[in-house]
Amino acid sequence: MSEQKEIRAAYVDTLVELGAVNKNIVVLEADLMSCTNTGSFKKAYPDRHINCGVAEANMVGVAAGLSTLGKIPFAASFGCFSSRRVYDQFFLSANYAKLNVKLIGTDPGVTAAMNGGTHMPFEDLALMRVVPGLTILEPSDFYSCAAFVRQMAEDYGCHYLRFPRKPVPVIYNENEKFKFGQAKVLKEGKDLCFVALGSLMVNQSLEACEELAKQGINAGVIDVLSLKPIDKNTILEQAGKVRAVISAENAQIAGGLGSAVAEILAEEGCRCKFARIGINDEFGEVGTQDYLVDRFGLDVGSFVKKAKGLLGA
C-alpha cells in the first residue's frame, strides 16, 4: 500500500510555518478546532486563532472584517457549513467586496460519512463555481494541499479549498510544483481519459485504469486540482488523444466538474464521447465511507462499467 498522510495536517503545518514569517495570517474556527486540528496554530500564535463558535456565517463576517484590516484570514468548517450555511455572507461580504478571505470546507461529499446527509456537501462545488472570480481548489494529497495553502496566502482574493480529514494516499513529492488553473496528467491514455477532482476520485480513477488495462483498454487520468480556474488546455489536449472522456467528482454532477468539462468539450467542438461520474441528484445519508462510495456509484467497479459502456467494449 502506498504511503498515506492527512491532508488536514498539510493545511495546519503549512499555516504554522507561514505564520512565523507572516504576522497577518489569522485562523478562524467554528468550534471545530479538534476536527481541523488547528490546535498547533493556536499554541504557536494564540492571538491569531479565533474560535467563533457554532456561528459559521458570523465567522465569515469576522474574516471579511479582518481582511479590511490587512489580515489574511483562513476560516474553516465542515464543507456543508462552509458552503450552504455561509453562502450569502461569503458571496457578498468577501467576494463582492473584493476582499481576501480563504474559506476551507472539510469532509466534502461522501467523506462526511457517519455525520450523515445533513452534513454531506454534495452541492458545494456547484454553488461556489458561480461566485464571480472565486478560486476553487481541491488538492489530491498532502503535498498538493501544502502548496495550495502557500499560494493562497500569497494570492490576494477569495479562495475555497475543500479536502477530506482522513489519511489519503500520497501521489506527489515535496518538490512537485503546483499552480492555480494547472492540472496534472498522472497517466496518458489512448482509449479513454478520466478527468478527476480530489483524492477519492483521482485514486479511484487510477485503480480503474489498472482494471481496464486487464481488459485491453488503455485509460489515462488527469488530476484537475483547480476547478476554477480550470485547465482547459490540458483537458482538450488529452481529449484529443482518446475516444472518450469521463469526469469524476465527489459531488453533484450538475454544476460542478462534470458541467465544467462538458462545457469545454462542447464549446470547442470535441468529438469524443463523454460521461459523468458523481452524485446524481440525490441527498446524502449516514454510512461508512466505503458503503457510501458503493451506494452512490463512486466505486472502481462503476468507473470500469461506465468506461466500457462508453467505449462499447
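Points to keep in mind about this one:
- Net length available on complete extension from residue 175 to residue 290 is 38.2 nm, with 0.36 nm assigned per residue and the Cα-Cα distance removed.
- Under a Gaussian network description of the chain, with springs only between Cα atoms under 10 Å, the residue in 117, 61, 70 that fluctuates furthest is 70.
- Stretch gain in nm, segment residue 130-residue 185, where the contour uses 0.36 nm per residue and the Cα spacing is subtracted: 17.2 nm
- DSSP-loop GluC sites (Glu not before Pro) across segment 12-108, with at most 14 other Cβ within 10 angstrom: none
- Prolate/oblate/rounded call for segment 184-311, Cα gyration tensor, a/c under 1.5 rounded: oblate
- One Cα centroid belongs to segment 73-121, the other to segment 239-313; the line between them spans 23 Å.
- Among 206, 186, 28, residue whose mean-square fluctuation peaks in a GNM of the chain (springs only between Cα atoms under 10 Å): 186
- Of the chymotrypsin sites (Phe, Trp or Tyr not before Pro) in segment 153-207, those whose Cβ has at most 12 other Cβ within 10 Å and which sit in DSSP loop: 156
- The alpha carbon radius of gyration of the chain, expressed as a multiple of 2.2 N^0.38 Å, is 0.97.
- Distribution of pairwise C-alpha distances over segment 16-143, 10 Å bins, in %: 13, 44, 36, 7, 0
- Under the Karplus curve 6.51 cos²θ - 1.76 cosθ + 1.60, θ = phi - 60°, whole-Hz ³J(HN,Hα) for segment 77-90, x wherever Gly or Pro sits: 6, 4, x, 4, 7, 6, 10, 5, 6, 9, 3, 5, 4, 5
- Qualifying chymotrypsin sites (Phe, Trp or Tyr not before Pro) in segment 225-313, where qualification requires a DSSP coil assignment and no more than 16 other C-beta atoms within 10 Å, comprise 283.
- Anisotropy class of segment 104-186 from Cα gyration tensor, a/c 1.5 cut: oblate
- Label-point separation, residue 84 to residue 97 (7 Å along Cα→Cβ), nm: 2.6 nm
- Of all beta bridges that DSSP places with both ends in the chain, some 20 percent have antiparallel geometry.
Values quoted throughout were computed directly from the atomic coordinates according to the rules given, and no laboratory measurement underlies them. Nothing here was measured: the structure is a model prediction, and the numbers come from that model. Note that we place each Cβ from the backbone using ideal geometry, even for glycine, and neighbour counts take in every protein chain shown.
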